């Protein structure tokens, strides 16, 4: 029996004992009480030992839990630091990619504008040569040639106008090249 069981038994003996008339005293079997007290004394070291063992186990469990908590906390901090570093790398890479894309687009626009300028100069020179040739021909071929030159001149003028329109759209950042409506 445990100490608590023995104490309950003592309590029951006292509760059920006969009272001595005209006094506040009770009558109990002394040998029974002495026997229960002996058992309490014998059980007490076991209960105390068991309580000490439970306390030691509690202290060990708490110490292990604290160590595990600290390990988890350290690992979580390492993981958080890694994620922060990785996020910063991604942001830097995105910023660099955006800059490279912008530079490439600016370079592409500049090349297009230079090409349009070159083509316009070439067409202008051709137009000037056709006008020069037109003035050199004889009067009898003039009507025939004038008609041909005017037609060619109109086409050249139309081509130059289209080039100027393409250059204007390129300057405005329009992506008109692949537009089927044009």
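The values are calculated or read from the model by the stated rules, or taken from the named source; none is laboratory data. Because the structure is a prediction, the values reported are computed rather than measured. Because the Cβ atoms are built from the backbone with ideal geometry, glycine has one as well, and the counts that use them run over all protein chains shown.
In segment 89-107, is there at least one residue being more than 30 Å from residue 175 (Cβ to Cβ) and within 55 Å of the chain's Cα centre (by Cα)? Looking through segment 89-107, at least one residue is more than 30 Å from residue 175 (Cβ to Cβ) and within 55 Å of the chain's Cα centre (by Cα). Flag: residue 157 matches the condition of being part of a helix (DSSP H, G or I), more than 23 Å from residue 105 (Cβ to Cβ) and at pLDDT 90 or above. Note on segment 19-49: residues that are assigned to a loop (DSSP other than H, G, I, E, B) and either surrounded by 13 or more Cβ atoms within 10 Å (Cβ to Cβ) or on the phi > 0 side of the Ramachandran plot (or both) total 2. Comparison of 70, 12 shows that the only residue that is more than 59 Å from the chain's Cα centre (by Cα), in a helix (DSSP H, G or I) and either surrounded by 10 or more Cβ atoms within 10 Å (Cβ to Cβ) or in contact (Cβ under 8 Å) with a residue 60 or more places away in the chain (or both) is 12.
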